[in-house]
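Visitor: My questions will all concern the structure given below.
Here, each number is a calculation from the coordinates, and none is a lab measurement. Note that this is a predicted model, so its numbers are computed, not measured. We place every Cβ from the backbone using ideal geometry, glycine too, and count neighbours over all the protein chains shown.
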Amino acid sequence: MIPISIPNLSGNEKKYLNDCIETGYVSSVGPFVARFATSVAAVSGAPYCSPVASGTAGLHIALVAAGVGRDDLVIMPSLTFIATANAAAYCGAEPWLMDVNPNSWTLDPEDLQKNLATETHQKDSQIIHTKTGRRVAAIMPVYMLGTPADMDAISRTAKNYGLPVICDAAAALGARYKDQNIGSLDVTATVFSFNGNKTFTCGGGGAVVSSDKNFTDKVNHLATTARTGENYDHDAVGYNYRMTNIQAAVGCAQLERFEDFVSAKCRIANAYRDAFKGLDHVTGFPTPVWAQSAHWLSGAFLTVGEKQIKDVLVSLRENGIDARPFWTPLHLQKPYQASPRGSLEVTEDIYKRILPLPCSTHCSGADISLSVAAVASALK
Ligand SMILES: Cc1ncc(COP(=O)(O)O)c(C=O)c1O
C-alpha cells in the first residue's frame, strides 16, 4: 500500500541517535533537547519554546498554564483530531464546539463572534456560557491540515472577551499567516506535534511556543513535575511531559531539512490541485487568502454523494493506495456528543468529502498520478 504520510528519515537521524546511545544521554537531560528548542523557535519565529512529550501533552499543559480548570468551557472547532478536545478534558473542562469556514476549514471568526455575543454574559469579569452557567476559559483555533485560521479576526474577538488563545498548530510548522511566521502571532501559545505522521517528526513529541517568558517558564515548570530545585520538592501537581534527548535527536535532524520538507509538501499540494482542475466533482484542499499553508496533508475534496465517495475510496484501495475516511468531527465522537455546540452546518457538510492522498515529502510523481487516476476513474 502507498501510505498517506510517512516520515522521511534519510538525514542525520541515525547519526544523532547513535550519539545519544554512545554518550548515554537518552532521557530528558541531553544536548539535543536544548538544540531542538532553539531550532523550533527559529523556524516558527517564536521567542520561546518548550519541547514536550507529544502534541497532546503540549496542548494540555498550555491550557493548564493559561488557567483552564474544572468545569470550564474551551471553544474549538468540531472539525479536528480528538486530541484537541482531550487536552481540554484532561483539565476537567469541556469543549464548546463551533463551526468552520467553508473556504479554509478553520474556526469561523464570524461564528465565534456571534456565539460569544448571543450565548454568553459577563459576570465578575468572567465570560459565562448562559445555558450551562460555565465559565468560558480559552479559545483553541486549529490550523487544519497545516493551514492557519484567520487569526487577526480571532485574536480581536479573544481580546474583546479577555480570553487566552491556544493554537493547535499540530501539523502547521512551516505555515505563515499574512506573511508572518505563525510562532510570532499575538496569541498566548502555539502548539506543534512531532508525531510520526507529521511533516517533521521526533517519533513522538511536541512543542509549545510563546512570546511570553512567564508563560513559558510556567509550562517548563509544570512539564517537569513542578519540581522546585535539586531535591524532591514540588510546589504544584505537575506532569512528566518532558521531551527526551532521543526524541529531540531525531527532531534536530528533521529540522535541518526544514526548507526542503516545506517546499516538498507545497509542490505535492500544487500537483494535486493542478491535476484536479481538469476533473469534475473534485478539487484540492483550500488555501485561504490569508494563509501560506504548510500543506501537511494534501488530497481530494469530493463534491459527490456518499455512494460515490465510497466508490472513490474503493478505487484508491484497489490501486494500492492506503486511503481511508478522514477525522470524524468531535460532536459525533462518544466522549463529546453532549458537549455544548453551535450550528455545525459546514462541518457536517464537508467532513466526509475530505480525502487525504499520498503526500509524504518523498512521495513520487508516479504516486500522485496513480492517486489522481484512481479518483478520476471512480468519478467517471
Ligand atoms: C489537530 C491535531 N491536534 C493534536 C494532535 C496531537 O498530537 P500528538 O499526536 O503529537 O499528541 C494531532 C496529531 O496527532 C493533530 O492532528
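Visitor: Points 7 angstrom from Cα along the Cβ direction at M1 and V26: gap in nanometres?
Guide: For M1 paired with V26, the spin-label model returns 3.1 nm.
Visitor: Could you work out the per residue convex hull volume over the alpha carbons of the stretch 264-349, in cubic angstrom? Walk me through the numbers on the way to the answer.
Guide: Numbers: hull volume 13.3 nm³, N = 86.
Convex hull of Cα atoms, per residue: 155 Å³.
Visitor: Provide the FRET efficiency to the nearest 0.05 for the D217-T132 pair, computing r from the beta carbons and using R0 = 41 Å.
Guide: Values: r = 33 Å, r/R0 = 0.81.
Approximately 0.80, to the nearest 0.05.
Visitor: FRET efficiency for D349 and V237, Cβ-Cβ distance as r, R0 = 51 Å, nearest 0.05? Before the final figure, lay out each step's value.
Guide: Details: r = 42 Å, r/R0 = 0.82.
So the FRET efficiency works out to roughly 0.75.
Visitor: For the stretch 291-359 and the stretch 91-132, compute the distance between their C-alpha centroids and round to whole Å.
Guide: If you average the Cα positions of each part, the centres end up 24 Å apart.
Visitor: Let me ask another. Please work out the C-alpha center-to-center distance from the stretch 1-49 to the stretch 180-207 and express it in whole Å.
Guide: One Cα centre to the other: 13 Å.
Visitor: Oh, and also: For a test of the definition: using alpha carbon positions, the gyration tensor, and the 1.5 limit on a/c, classify the chain as rounded, prolate or oblate.
Guide: Details: a/c = 1.97, a/b = 1.13, b/c = 1.74.
Cα axes put the chain in the oblate bin.
Visitor: Only Cα pairs under 8 Å and at least 6 apart count here; give the relative contact order of the chain as a rounded whole percent.
Guide: Numbers: 850 pairs, mean separation 93.4, N = 380.
Normalised by residue count, the contact order of the chain is 25 percent.
Visitor: As a test of the formula, what do you get for the chain when each DSSP H run with n ≥ 4 contributes -39,500 (n - 2.57) and the sum is divided by the residue count, at 222 nm and rounded to the nearest 500 deg cm²/dmol? Don't jump to the answer; show the numbers that get you there.
Guide: On the way: 12 runs with 143 residues, N = 380.
It lands at -11500 deg cm²/dmol.
Visitor: Between the stretch 233-255 and the stretch 67-88, what's the alpha-carbon centroid distance in Å?
Guide: One Cα centre to the other: 23 Å.
Visitor: Next question, about the same structure. Considering only G206, G92, G146, give the residue with the highest GNM mean-square fluctuation for the chain, with springs between Cα atoms whenever their separation is below 10 Å.
Guide: Taking springs between Cα atoms under 10 Å, the residue moving most is G92.
Visitor: Moving on. Quick check on the chain: of the DSSP beta bridges with both residues there, what percent are antiparallel, nearest 5%? Don't skip to the answer; put the middle values down first.
Guide: On the way: 29 of 44 bridges.
Among the beta bridges of the chain, antiparallel pairing accounts for roughly 65 percent.
Visitor: Then there is this: Which of rounded, prolate or oblate describes the stretch 58-167 when judged by the alpha-carbon gyration tensor and an a/c cut-off of 1.5?
Guide: Values: a/c = 1.66, a/b = 1.16, b/c = 1.42.
Oblate shape, in that a/c is at least 1.5 and b/c is the bigger or equal ratio.
Visitor: Sort the following peptides by mean Cβ neighbour count (other Cβ atoms within 10 Å, averaged over residues), highest first: 57-65, 361-369, 2-10. Display every interim value, and only then the final one.
Guide: Details: 57-65: 27.9, 361-369: 15.3, 2-10: 18.0.
With the highest mean Cβ count within 10 Å placed first, the list reads 57-65, 2-10, 361-369.
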